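The values are calculated or read from the model by the stated rules, or taken from the named source; none is laboratory data. This is a predicted model, so every value here is computed, not measured. Note that we place each Cβ from the backbone using ideal geometry, even for glycine, and neighbour counts take in every protein chain shown. Quick note on the areas: whole protein, heavy atoms, side chains included, nothing else; ligands and nucleic acids left out. Shrake-Rupley method; radii C 1.70, N 1.55, O 1.52, S 1.80 Å.
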Amino acid sequence: MTRKLIAGNWKMNGSLAANVALVQPLLAGVGSTPGCDVAVCAPAPYLAQVQSLLAGAQAIALGAQDVSQHESGAFTGDVSAAMLKDFGVRYAIAGHSERRLHQGETDMQVAAKAKRALAAGITPIVCVGETLREREEGMTEFIVKRQLSAVIHLNGHCISEIVVAYEPVWAIGTGQTATPEQAQAVHAVLRAQLKAATGHAQRVRILYGGSMNAANAAQLLAQPDIDGGLIGGASLKAPDFLQIIAAAA
Ligand code: 13P
């Protein structure tokens, strides 16, 4: 079994003071050898600060919430994979549903972002997931397979190096979690798709995200194809995030 990964996505939250108040108890709580991999994905301006807060600690890795699909140049506002690498970033979220929705990111752009991250030695956390309407129309499988397929196509032999996050849009920030059975069903679809693309599909971690919290984490993480979590709201509260980490150990 692969080691689980619990990643916090802080989204557009935090401040210099709040980040200290969050990271310090996290470091104290996870200790030097947590039973799973742990990451925090901070807003870009705070990467340097969080890098230095984590400095020396191997227990928590640094993540970014996005990465440019371009290498460098005239792309105002974009942050390149090489820049992220400069600040010790190990993971970069690519194609979060909030960016697909608000920034209009397409499957092809998400695939290109994953490729840039991989080329810089950063593990992309590729997000896929259906909206409520798509689920109600029976489109869930079609949507997540289409989203993952673009990434598989563009990233070919590197595909076993990515992390996938299944985040049903209707479960994000709503308090309405997918049931363990609903989540497992989609994770199994994604695993089968990865198996068709690589002999190493078993080592690709498929995270669940969407209102995962201290109370429901253990049940979700007990599913055979759920290899960790991508946590929004609950990652902003150290005690809650630590409980999720403990559930994954
Ligand atoms: P919540 O945990 O707040 O539902 O957010 C999930 C998410 O979008 C993580 O990327």
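Based on the mean of other beta carbon atoms within 10 Å per residue, what is the order of 223-229, 81-87, 18-24, most packed first?
Result, highest mean first: 223-229, 81-87, 18-24.
Given a 1.4 Å probe and the protein chains all in place, what does the accessible area of residue 169 round to, in Å² to the nearest 10?
Around 50 Å² of this residue is reachable by solvent.
With +1 assigned to the C-beta of every Lys and Arg and -1 to the C-beta of every Asp and Glu, and no other charges, what is the dipole magnitude of region 51-100 about the Cα centre in debye, to the nearest 20?
140 debye
Specify the residue with the greatest mean-square fluctuation among 17, 183, 59, computed from a Gaussian network of the chain linking alpha-carbon atoms under 10 Å apart.
Maximum among the listed residues: 17.
Any number yet on Rg/Rh for region 123-243, C-alpha, Kirkwood?
Rounded to two decimals, Rg over Rh is 0.96.
Would region 109-163 count as rounded, prolate or oblate if I go by the C-alpha gyration tensor, calling it rounded below 1.5 in a/c and otherwise prolate when a/b exceeds b/c, oblate otherwise?
Cα axes put region 109-163 in the prolate bin.
Using only Cα positions of region 156-219, each an equal point scatterer, no hydration layer, compute I(q)/I(0) via Debye at q = 0.18, 0.28, 0.30 Å⁻¹ and quote the log10 values to two decimals.
These q points yield log10 I(q)/I(0) values of -0.67, -1.16, -1.26.
Based on alpha-carbon atoms only, what is the radius of gyration of region 185-247 relative to the globular estimate 2.2 N^0.38 Å?
1.22
Taking the solvent-accessible surface of protein heavy atoms with a 1.4 Å probe, what is the per residue accessible area of region 1-142 in Å²?
On a per-residue basis, region 1-142 sits at 48 Å².
Once you charge only the Cβ atoms, +1 for Lys and Arg and -1 for Asp and Glu, what is the size of the charge dipole of the chain about its Cα centre, to the nearest 20 debye?
380 debye
Work out Dmax and Rg for region 39-81 from the C-alpha atoms and quote the Rg first, both in angstrom.
Cα only, region 39-81: 12.0, 36 Å (Rg, Dmax).
Once the Cα gyration tensor of region 1-87 is found, what semi-axes does its equivalent ellipsoid get, as square roots of 5 times the eigenvalues, in whole Å, sorted largest first?
25, 16, 11
With unit charges on the beta carbon (Lys/Arg positive, Asp/Glu negative), name the residue among 110, 75, 170 whose Cα is farthest towards the positive pole of the charge dipole of region 75-181.
My answer, from the dipole projection, is 75.
Can you list the chymotrypsin sites (Phe, Trp or Tyr not before Pro) in region 1-79 that are in a DSSP coil and have 16 or fewer other beta carbons within 10 angstrom?
Loop-located and lightly packed - 75.
How much accessible surface does residue 99 have with a 1.4 Å probe, in Å² rounded to 10?
Surface accessible to solvent at residue 99 totals approximately 70 Å².
Can you list residues whose amide H is under 5 Å from residue 41's amide H, if they're 5+ apart or on another chain and H is modeled 1.01 Å from N?
Amide H neighbours of residue 41: 8, 9, 10, 63.
Using only the alpha-carbon atoms of the chain as identical scatterers, what base-10 log of I(q)/I(0) does the Debye formula give at q = 0.13 Å⁻¹?
The computed values of log10 I(q)/I(0) come out as -0.74.
Pick out which of 234, 188, 39 has the largest mean-square fluctuation in a Gaussian network model of the chain, springs linking Cα atoms closer than 10 Å.
188
How much of the accessible area of the chain, probe 1.4 Å, is carbon plus sulfur, in whole percent?
That share works out to 55 percent.
Can you work out the FRET efficiency for the pair residue 102 and residue 157, with r the C-beta to C-beta distance and R0 = 25 Å, to the nearest 0.05?
0.15
Under 5 Å between amide hydrogens, which residues at least 5 positions from residue 105 or on another chain qualify, with H placed 1.01 Å from N in the peptide plane?
Answer set, sorted by chain and number: 100.
How high is the FRET efficiency between residue 57 and residue 218 when r is their beta carbon distance and R₀ equals 25 Å, given to the nearest 0.05?
The computed FRET efficiency comes out at 0.50.
What's the longest piece of the chain with no exposed GluC sites (Glu not before Pro), counting a site as exposed if DSSP puts it in a loop and it has at most 16 other beta carbons within 10 Å?
Answer - 138-249.
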